[in-house]
1. Which stretch or stretches of the stretch 170-205 have amide N atoms under 15 Å from the point lying 7 Å from R285's Cα along the Cα→Cβ direction?
2. Based on DSSP, what percent of beta bridges with both residues in the chain are antiparallel, to the nearest 5?
3. Give the cross-link partners of K392 among the lysines, using a straight C-alpha distance below 20 Å as the criterion and excluding same-chain residues fewer than 8 apart.
4. Please report the orientation-averaged projected area of the stretch 171-324, defined via the convex hull of its C-alpha atoms, in nm².
5. Within a Cβ distance under 15 Å of E316, other residues only, what is the Lys/Arg minus Asp/Glu net charge?
6. Could you give the dipole magnitude of the chain about its Cα centre, charging the beta-carbon of Lys and Arg +1 and that of Asp and Glu -1, in debye to the nearest 20?
7. For M270 and E245, compute 0.36 nm times the residue count separating them, minus their Cα-Cα distance, and round to one decimal in nm.
8. Hey, what do the phi angles of the stretch 87-94 turn into as Karplus ³J(HN,Hα) couplings, whole Hz, using 6.51/-1.76/1.60 and θ = phi - 60°, x for Gly and Pro?
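Here, each number is a calculation from the coordinates, and none is a lab measurement. All values reported here derive from a predicted model rather than from experimental measurement. Here the Cβ positions follow ideal geometry from the backbone for every residue, glycine too, while neighbour counts run over all protein chains shown.
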Amino acid sequence: MARVLIHGGHVLDPRSGRDERACVLLENGQVAEIGSDVQAGSCERVDATGCLVTPGFVDVHTHLREPGQEYKEDIASGGRAAVAGGFTHIACMANTEPVNDDPSVTEYILDRARQDCPARVLPIAAATKGLRGEVMTEMSALVDAGAVAFSDDGKTIMDGGMQRRVLEYSRLVEKPLIVHAEDLTLVGDGVVNEGSVSTRLGLPGNPSVAESIHVARDVQLAELTGAHLHVAHVSTEAAVSLIREARARGVHVTAEVTPHHLSLTDEATMGYDSNTKMAPPLRGRRDVDACREALADGTIDCVATDHAPHAVHEKEVEFTEAPPGILGLETALPVVWDLVRSEVMTPMQLVASLTANPAALLGLDAGRLDVGVPAYITVFDPEQRWKYDPAKGFSKSRNSPWAGETLQGRVVATIVGGSLVYHADRGVLAP
Ligand code: DOR
């Protein structure tokens, strides 16, 4: 395996607290040396001048669409989008066709990932068969096949008794249960946040209480069962408060927030652009500010993209008809780096929310940059401005609210298992 020297950059590693200008030498898939004066000899060189050199980003929430919806994305294209966005590890949701509710599907995903995906793929298995919320999956068989967590994401388990049992079993197999908290009876036909924006648009609203009512139920069930509850895509001030209180009581609850819920309000929906439609919907200013504060104070552990590719023909329809979801992998870093620019978080805190924290909650040996650890590394320039054009990106889909925008902050290089798999000037290099 080639030796790689990353030189001229500033190393930030939240786990060790390392925060210094240094070169990083990679050898045999591991970090061999970090220092100001590394004698590398002949090796591949990555110029990181002006860049931060951090552990590889870990996304706990990606939709890869394979098996079954490869016209939107597949494991190879999603993996290329991941490394272009600095993600070395992506945990993929179970709402594929067929659903990942059987060990054969989990094994298929891992096989495909080993064949032609430059990022490490971590399958999240369904908690209930067919995501129908009626019959539990065989959790221990799914764990044996490689599942890292359980989730019916995209769907909510409405039956409280079933949710309790799913939590009890996920505790037994020692994996988190990731919940999509939206009470379907309260969401109704809602497609945008309920409030003045939904009124002005004349579109049915999805109230913020649809989220918080389920977070209230689920943190109580987590307290009852002692299970690890992870709340996906938190979007409301009320849910943030419930999570904060539960954590203070010692309940094992973790949470994620998406780049879009940290940066866009429901005002972005005013043009009826279906690329601003997602579940949960974009919320009001107070909700966005509460999510930003919660990520900064540690109530929310990590940023997760909820990368949700949908084809052009599916999105270019009336707002009410379009499927919810937007791309996230290739734009996450510049979108969330705004929290550093606006001094809501330090660079170290934000890097932790993309690396050490998501790795810890999935129990991965990743999210670290230190001598002797496996070499998963992201190099990015927080200042570089670039125009995002999804047609030139790596995802098969185009559904992004940032299409055509100039973003600040760019991933320059991504290293997976000691190999340079992406460079901004050269594209995706492997496999
Ligand atoms: O916007 C979303 N899209 N939210 C989800 O929970 C599911 C996802 C999808 O699969 O498209």
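1. 196-197
2. 50 percent
3. The qualifying lysines are K72, K315.
4. Over every viewing direction, the Cα hull of the stretch 171-324 projects on average to 9.1 nm².
5. Working: positive: K72, K277, K315, R398; negative: D273, E314, E318, E321.
Overall, the nearby charge balance is 0.
6. 440 debye
7. Full extension from M270 to E245 adds 5.6 nm.
8. 8, 9, 10, 10, 9, 10, 6, 8
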